[in-house]
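What follows is calculated from the coordinates using simple rules that are stated; it is not laboratory data. Quick caveat: nothing in here was measured; it's all calculated off a predicted structure. No Cβ is skipped: glycine too gets one built from the backbone with ideal geometry, and neighbour counts run over all protein chains shown.
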Amino acid sequence: MPERFYVTTPIYYVNDRPHIGHVYTTTVADIVARYERLRGKEVFFLTGTDEHAAKVVDSAEAHDMTAQEWADRNAAQFQKAFEDLGMSHDDFIRTTEDRHKTRVLRYVQAMMESGDVYLGEYEGWYDAGQEEYLPENKAREFEFKSPINGKPLVKKSEKNYFFRLSGYSDGLLAHLDEHPDFLIPPARKNELIGRIEEGLNDVPISRTGADGWGIPMPGDETHTIYVWIDALFNYLTTVDTDDRRAFWPCTMHLLAKDILWFHAAIWPAMLMALGKCPGYEWVGLPGQVCAHSFWIAEGRKMSKSLGNFVDMERIQDYVERFGVDALRYFLAGYGPVGASDRDFAEARFIEAYNKELANVVGNGVNRVATMVGKYCDGTLPEPGDPVPEAEDLRTSVHAAYDRYVPAMDSVRLDQAVEAAVDVFRAMDVFIDRTQPFKRAKDPAEAGTVRTILRECTEAIRIGSTLLSPIMPERMGEVWRRYGFAEPAPGVDSMAAARAWSQVAGGTSVEKGDPLFARYQPPA
Ligand code: ME8
């Protein structure tokens, strides 16, 4: 039985259109999914949309549509965006689907029966302008005035259903202690632990007056399940079927730092609570929560008021100029996968594209194919006389491979990309040192030229395999041009790729157009 790997993205709000942030997390998940498939695992990759937020009703009204029509329209935009970008998700969940709603009801019902969800009274400082409660410490910090409009906050109470989060602080702390890799990057862990240690309050999980938008509380139509509780359950509802249940527990939740608390504290606590209910003993905790940082745009925070979101039109423009794979390369290699934010700036994109993709990767692939064409009639030769520099090439390529794998395993995509490109850099050094184009002029060197080209082809095979989860289309083209075998499903092709001397002589190599044509900005 192949090992299973279940990876998720957040489900995105449908009150707005997709932008680079959504594309980013989904691309990271897609890269992880493709990498794990290459490792021979059975992968389930889930993305989707979160549709029951109150702001969907507001946006819909502003556009003279029903909430469902508005949700349908925007969910379709997310689906189209991810399809256009070639994402390989296995399912797309929408929280307005029956398959989701019926299961959420069952989970909440079970937790009501076990006592982890109860009807209580919520008292807090209400900001009427924002329609939200502020916790005591926040209210005090802002001198009991609205942080948004400065009007006095009102002490108010309402009846709500609560989730007994307070009962799970010890469980959460123990889990974090026993699973040091539960939250990555590690830099975020202390903050999480500190917040749990401060003490956890029960959280309200229902609201009233939602105008029928949302999932009603079981047995109490006057309350609607709070959108976050509904949304988090998507990870479970989608696989809670006979043929998918084996994918639980989820291997990896990907998201950004903005929603880390929900995923690394509230969600695991909810799962601990559900797992205690009869019939749900199989519901364990996810393996890992990976919380990346934020993209900013051209040096400034992206915001509605600045109107500077890198939206789908801008993304499409990059795709037209550079190709989807180059966009994926930039997102992976230069994105905020670690603990600090990153700038989506055109100048950074062009520099990475020209310096790494055009000059190193593309140039290397084209250069070797050209030499095979010129010196070996376009057919991969059998190895010839020994070339001592080959030992250094192999050592460098294997060192890069050995840095790539742990980087991918811990979602350090920037380091993985760097390592993969190092394979092509090592090949450049090898070609410069061995000078096959000079040797080719001397018939006595025909044997070493053959060896040099064979060694380069091995490096291209390994380098393109490492880059293939990041740039599946372009690396597929490399495999086609060089006649490399496509990785087979269910086999750890990544591990198998490391061994040297795998390409067979006698296959024809096609030169083709530049793999990544150099980009010249219009004058
Ligand atoms: O929070 N840089 O949905 P959302 C990088 N529905 N990633 C970004 C980003 C940026 N500037 N902006 C957004 C929600 N993201 C809830 C989630 S899950 C059960 C419910 C990405 O549409 C990032 O993944 O606001 C972030 O966590 C997510 O979009 C928030 O998407």
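Only helical DSSP H runs with n ≥ 4 go in: add -39500 (n - 2.57) per run for the chain, normalise by residue count and round the 222 nm mean residue ellipticity to 500 deg cm²/dmol. The partial results should precede the final answer.
On the way: 20 runs with 234 residues, N = 523.
After summing the helix terms and dividing by residue count, I get -14000 deg cm²/dmol.
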Legend entry - Approximate spin-label separation Ala488-Asn149, in nm, with each point projected 7 Å along Cα-to-Cβ: 6.7
Legend entry - Positive-pole candidate from Tyr280, Pro388, His100, dipole of the chain, charges at beta carbon: Pro388
Legend entry - Degrees, to the nearest 10: 169-178 long Cα axis against longest axis of the chain: 10
Legend entry - FRET efficiency estimate (nearest 0.05) - Cβ-Cβ, Asp242 to Lys304, R0 51 angstrom: 0.70
Legend entry - Using a Förster distance of 56 Å, the FRET efficiency for Ala446-Glu141 (Cβ separation, nearest 0.05): 0.10
Inset, instruction - In vacuum, with every alpha carbon of the chain counted as one equal point scatterer, what does the Debye formula give for log10 I(q)/I(0) at q = 0.13 Å⁻¹? Two decimals, please. - result: -1.28
Legend entry - Computed label-point distance, nm, for sites Phe437 and Ala76 using a 7 Å Cα→Cβ extension: 5.4
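Gain in length, His179 to Asp91, computed as 0.36 nm per residue apart minus the alpha-carbon separation, to one decimal in nm? Show your work: numbers first, answer last.
On the way: separation 88, 0.36 × 88 = 31.68 nm, distance 2.85 nm.
Value of the extension gain: 28.8 nm.
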Legend entry - Stretch gain in nm, segment Thr102-Thr370, where the contour uses 0.36 nm per residue and the Cα spacing is subtracted: 90.5 nm
Legend entry - Karplus (6.51, -1.76, 1.60) ³J(HN,Hα), θ = phi - 60°, over the stretch 452-463, in Hz, Gly and Pro reported as x: 4, 5, 5, 4, 4, 5, 4, 4, 5, 4, 5, x
Legend entry - Cα-based convex hull volume of the stretch 4-292 per residue, rounded to whole Å³: 140
Inset, instruction - Report ³J(HN,Hα) in whole Hz for each residue of the stretch 8-17, in order, from the Karplus equation J = 6.51 cos²θ - 1.76 cosθ + 1.60 where θ = phi - 60°; Gly and Pro get x. - result: 10, 10, x, 8, 8, 5, 9, 6, 10, 8
Inset, instruction - Evaluate the relative contact order of the chain (contact order divided by residue number), counting alpha-carbon pairs under 8 angstrom at least 6 apart; express in whole percent. - result: 16
Inset, instruction - For the stretch 221-232, take each phi angle, set θ = phi - 60°, evaluate the Karplus expression 6.51 cos²θ - 1.76 cosθ + 1.60, and give the result in whole Hz per residue in order, putting x for glycine and proline. - result: 5, 6, 10, 10, 5, 4, 4, 5, 5, 3, 5, 4
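Give, in nm to one decimal, the length gained when the segment between Asp58 and Arg498 is fully stretched (0.36 nm per residue of separation minus the Cα-Cα distance).
Working: separation 440, 0.36 × 440 = 158.40 nm, distance 5.47 nm.
Value of the extension gain: 152.9 nm.
Could you size up the charge dipole of the chain around its Cα centre, putting +1 on the beta carbon of Lys and Arg and -1 on that of Asp and Glu, and report it in debye to the nearest 20?
Value, rounded to 20: 1160 debye.
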Inset, instruction - Using amide H atoms built 1.01 Å from N in the peptide plane, name the residues 5+ places from Ala256, or on other chains, whose amide H lies under 5 Å from its own. - result: His292
Inset, instruction - Would you mind getting me the FRET efficiency between Glu221 and Glu346? Use the beta-carbon distance for r and R0 = 56 Å, nearest 0.05. - result: 0.60
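Strictly over 22 Å apart at the Cα level, which of Lys156/Lys257; Lys55/Lys304; Lys155/Lys304; Lys189/Lys257; Lys80/Lys355 would you flag in this model?
Lys156/Lys257; Lys155/Lys304; Lys80/Lys355
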Legend entry - Under-5 Å amide H pairs with Phe44, H placed in peptide plane, nonlocal only: Phe5, Tyr6, Val7
Inset, instruction - Using Cα centres only, tell me the gap between the stretch 260-289 and the stretch 411-428 in whole Å. - result: 37
Legend entry - DSSP-defined antiparallel bridges as percent of all bridges, the chain, nearest 5: 50
Legend entry - Residues whose placed amide H lies under 5 Å from that of Thr49, excluding near-sequence neighbours: Tyr12, Ile93, Arg94, Thr95
Legend entry - Rounded Å value of the spacing that divides the Cα centres of the stretch 342-356 and the stretch 94-127: 45
Legend entry - Mean projection area, nm², convex hull over Cα of the stretch 346-497: 9.5
Inset, instruction - Check cross-link reach from Lys276 to the lysines: straight Cα distance under 25 Å, and skip same-chain residues fewer than eight apart. - result: Lys101
Inset, instruction - Within 10 Å, count the other beta carbons around each residue, average over each peptide in 68-75, 510-517, 261-268, and list them highest first. - result: 261-268, 68-75, 510-517
Inset, instruction - Between Leu119 and Phe294, with labels modelled 7 Å along Cα→Cβ, what's the label distance in nm to one decimal, could you check? - result: 4.0
